[in-house]
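Reading through the structure tokens given below for one structure.
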Amino acid sequence: MKRRRTETAAEKKARAKKIVARLEKAYPDAKCALDHRNALELLVATILSAQSTDVRVNIVTPALFAKYRTANDYATANPRVFEGEIHSTGFFRNKTKSILGMAQALVERHGGEVPDTMAELVELPGVVRKTANVILGVWFQKPEGVVVDTHVHRISRLLKLTRQDDPVKIERDLMELIPRPQWDRFSHLVIHHGRRVCIARRPKCEECVINDLCPSSRV
């Protein structure tokens, strides 16, 4: 059997560029699926989305956002009541602790405002790098990295843009391949593609606009 030639770094970067261009053409309206009107709402919704779906979170947040309008509202919320309000998103006790703790930190350290730097965001309770990347890229339009969710993790590996399994290392590989202005956009495009075509259990390779650029394609 003939051994496949190893792709060079330059070739992989060129292939990544084509992938982004085609996904952009296919999904021009791809965007963050979490409903929000400000940075605080996006931060709360992003924390709630862990181990849940955006659809489920969007069902829960309208009532939540109507009741809790400021960081201080969350900071002074009754934990037991809040747990009941977010129960359906799963892991409600941990999420309650994270959101209320995050809000208390915003009030104490940032005057109730969501900061716009990675260093300040990841110091907030319940906020990890992935969460901070969402806030910086979507709301502040100051991407500091690539959001590596389950779709980006899986599809980046299928595309052989990375061979890593650790999200931090995957992000590092993608940041080397994708131009910085497209870091946030790349995540939205891949997530959109993962939900509609490159579905984990039943990938529609025959419908995929990048199947000829994908080493894992079944077509």
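The values are calculated or read from the model by the stated rules, or taken from the named source; none is laboratory data. Note that this is a predicted model, so its numbers are computed, not measured. With ideal geometry, Cβ positions are generated from the backbone for all residues, glycine too; neighbour counts draw on all protein chains shown. Ligands, DNA and RNA are excluded from the accessible area calculation, which covers all protein heavy atoms including side chains. Shrake-Rupley method; radii C 1.70, N 1.55, O 1.52, S 1.80 Å.
Can residue 42 be described as open to solvent by less than 80 Å² (accessible area, probe 1.4 Å), closer than 28 Å to residue 117 by Cα and touching a Cys at 6+ places or on another chain (Cβ under 8 Å)? First the steps, then the outcome.
Values: open to solvent by less than 80 Å² (accessible area, probe 1.4 Å): yes; closer than 28 Å to residue 117 by Cα: yes; touching a Cys at 6+ places or on another chain (Cβ under 8 Å): yes.
Yes.
Can you tell me which residue among 47, 19 is open to solvent by less than 40 Å² (accessible area, probe 1.4 Å), closer than 25 Å to residue 111 by Cβ and either among the β-branched types (Val, Ile, Thr) or at pLDDT 95 or above (or both)?
Of 47, 19, the one residue that is open to solvent by less than 40 Å² (accessible area, probe 1.4 Å), closer than 25 Å to residue 111 by Cβ and either among the β-branched types (Val, Ile, Thr) or at pLDDT 95 or above (or both) is 47.
If a residue has to be within 17 Å of residue 151 (Cα to Cα), touching a Leu at 6+ places or on another chain (Cβ under 8 Å) and assigned to a helix (DSSP H, G or I) to count, how many in region 186-219 make the cut?
Residues in region 186-219 being within 17 Å of residue 151 (Cα to Cα), touching a Leu at 6+ places or on another chain (Cβ under 8 Å) and assigned to a helix (DSSP H, G or I): 5 in total.
Taking the condition open to solvent by 10 Å² or more (accessible area, probe 1.4 Å) and touching a Leu at 6+ places or on another chain (Cβ under 7 Å), does residue 183 pass?
So residue 183 fails the test.
Give the residue, chosen from 104, 141, that is surrounded by fewer than 21 Cβ atoms within 10 Å (Cβ to Cβ) and in contact with a Pro (Cβ under 9 Å, 6 or more places away or on another chain).
Of 104, 141, the one residue that is surrounded by fewer than 21 Cβ atoms within 10 Å (Cβ to Cβ) and in contact with a Pro (Cβ under 9 Å, 6 or more places away or on another chain) is 104.
Starting from residues that are touching a Lys or Arg at 6+ places or on another chain (Cβ under 7 Å) and not small (Gly, Ala, Ser), keep the ones in region 87-126 and report whichever is nearest to residue 142 (Cα to Cα).
Only one residue tops the list, namely 116.
When you check residue 77 against the structure, is it out of contact with any Ser or Thr (no Cβ under 8 Å at 6 or more places or on another chain), small (Gly, Ala, Ser) and open to solvent by less than 10 Å² (accessible area, probe 1.4 Å), yes or no?
Working: out of contact with any Ser or Thr (no Cβ under 8 Å at 6 or more places or on another chain): yes; small (Gly, Ala, Ser): yes; open to solvent by less than 10 Å² (accessible area, probe 1.4 Å): no.
Criteria not met by residue 77.
List the helices (runs of 4 or more DSSP H) inside region 1-112, counting only whole elements, that have at least 1 residues being among the hydrophobic types (A, V, I, L, M, F, W, C) and without any contact (Cβ under 8 Å) to a residue 24 or more places away in the chain.
9-26, 39-48, 54-67, 79-86, 92-110
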